[in-house]
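Below you'll find the structure, written out as structure tokens, and then a few comments.
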Amino acid sequence: MPLCLRECDNADLETLVKISKNTFAAAFEKDNDPEDFQSYIEEAFHPNKLSEELANENCLFHFVYDDEVLVGYFKLNIEAAQTDVHDPNALEIERIYVLGDHQGKKIGTWMLQQIIAKARDLGKEYIWLGVWEHNPKAISFYQKHGFIKFGEHPYYIGTDKQTDWLLRLELK
């Protein structure tokens, strides 16, 4: 499995919008109110919003390819782009998704290894992320890789207030 990363730029906007909507819907649409979910999808993954994020030097988007096939992507935030913690010594994983047809191939583990290496290269002391409290598969994945719960915060899908667990991985 010859996986590789490619940092996204503005030329990738259309593909980024599509993969963002598709992977998020596949993961969470069935568990949310359709109206709230559609509202969230249209706002969070609107081309203008993603274009602004791509232009922000503290938001780092990467596509993951298996040979020439796009199999996933992730979004990392550093410095002021972090959504909650805002620690210059930290790196946030805001999004990490593998397309459904490619799940179960250890691509997520490979992606996490690449993110850890990137965080170390950037001199970060830890990685943190928010994961929905009702996503046991993701929670188990992160805990298996050494992440520990350190808090919670609200997360809104439309008007639906949900709770994300905040998980942290020390890099020392």
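Would you mind telling me which residue in 161, 137, 105 has the biggest mean-square fluctuation in a Gaussian network model of the chain, where springs connect alpha carbons within a distance under 10 angstrom?
137
Quote to one decimal, in nm, the extra length available between residue 17 and residue 153 on full extension: 0.36 nm per residue of separation minus the C-alpha distance between them.
46.4 nm is the gain from fully extending residue 17 to residue 153.
Determine the gain in length on full extension of the stretch residue 65-residue 133; use 0.36 nm per residue of separation and subtract their C-alpha separation, reporting nm with one decimal.
Numbers: separation 68, 0.36 × 68 = 24.48 nm, distance 2.91 nm.
Additional length available on full extension: 21.6 nm.
I need the phi-derived Karplus couplings for region 61-70: 6.51 cos²θ - 1.76 cosθ + 1.60, θ = phi - 60°, integer Hz, Gly and Pro marked x.
For region 61-70, the Karplus-derived couplings read 9, 9, 8, 10, 10, 10, 6, 9, 9, 5 Hz, x marking Gly and Pro.
Can you give me the pair-distance distribution of the chain, C-alpha pairs, 5 Å bins, whole percents?
Spelled out per bin, shortest first, that is 1, 8, 17, 21, 23, 19, 9, 2, 0.
I'd like the distance separating the alpha-carbon centroids of region 1-43 and region 48-84, in whole Å.
Centre-to-centre (Cα) distance: 11 Å.
Can you give the translational diffusion coefficient of region 112-172 in µm²/s, computed by Stokes-Einstein from the Kirkwood radius over Cα pairs at 20 °C and 1.002 mPa s?
173
Which values, in whole Å and largest first, are the semi-axes of the equivalent ellipsoid of region 1-100 obtained as the square root of 5 times each eigenvalue of the Cα gyration tensor?
Equivalent-ellipsoid dimensions as semi-axes: 20, 19, 13 Å.
In the chain, which whole DSSP H runs stretch at least 18 Å along their own axis (Cα) and average 0.5 or higher on the Kyte-Doolittle scale?
The answer, listed by residue number, is 13-28.
On the accessible surface of region 36-77, probed at 1.4 Å, how many percent belong to carbon and sulfur atoms?
Accessible surface attributable to carbon and sulfur in region 36-77 totals 43 percent.
Given the DSSP H assignment, sum -39500 (n - 2.57) over each helix run of at least 4 residues in the chain and divide by its residue total; what's the result at 222 nm in deg cm²/dmol, nearest 500?
The helix contribution divided over the chain gives -11000 deg cm²/dmol.
What is the calculated FRET efficiency for residue 171 to residue 106, with r their C-beta to C-beta distance and R₀ = 30 Å, to the nearest 0.05?
Calculated transfer efficiency: 0.90.
Using the charge dipole of region 1-102 (Lys, Arg: +1 at Cβ; Asp, Glu: -1 at Cβ; taken about the Cα centre), state which of 82, 71, 26 has its Cα farthest towards the positive end.
Toward the positive end, the furthest listed residue is 71.
List every residue whose amide H lies under 5 Å from the amide H of residue 71, counting only residues 5 or more places away in sequence or on a different chain, with H placed 1.01 Å from N in the peptide plane.
64, 65, 66
Find, among the GluC sites (Glu not before Pro) in region 101-172, those assigned to loop by DSSP (not H, G, I, E, B) with at most 15 other beta-carbon atoms within 10 angstrom.
Counting only loop positions with at most 15 other Cβ atoms within 10 Å, the GluC sites (Glu not before Pro) in region 101-172 are 125, 133.
Please compute one quarter of the surface area of the Cα convex hull for region 57-155 and express it in square nanometres.
With the hull built on Cα positions only, its mean projection is 6.8 nm².
Just to be sure I understand the model, the point goes 7 Å from the Cα along the line to the Cβ. What's the resulting residue 33 to residue 161 distance in nm?
Reported label-point gap for residue 33 and residue 161 is 1.3 nm.
The values are calculated or read from the model by the stated rules, or taken from the named source; none is laboratory data. All of these numbers come straight from a predicted model, not from anything done at the bench. All Cβ positions, glycine included, derive from the backbone under ideal geometry; neighbour counts span all protein chains shown. These area figures cover heavy atoms from the full protein model, side chains too; ligands, DNA and RNA do not enter into them. Shrake-Rupley method; radii C 1.70, N 1.55, O 1.52, S 1.80 Å.
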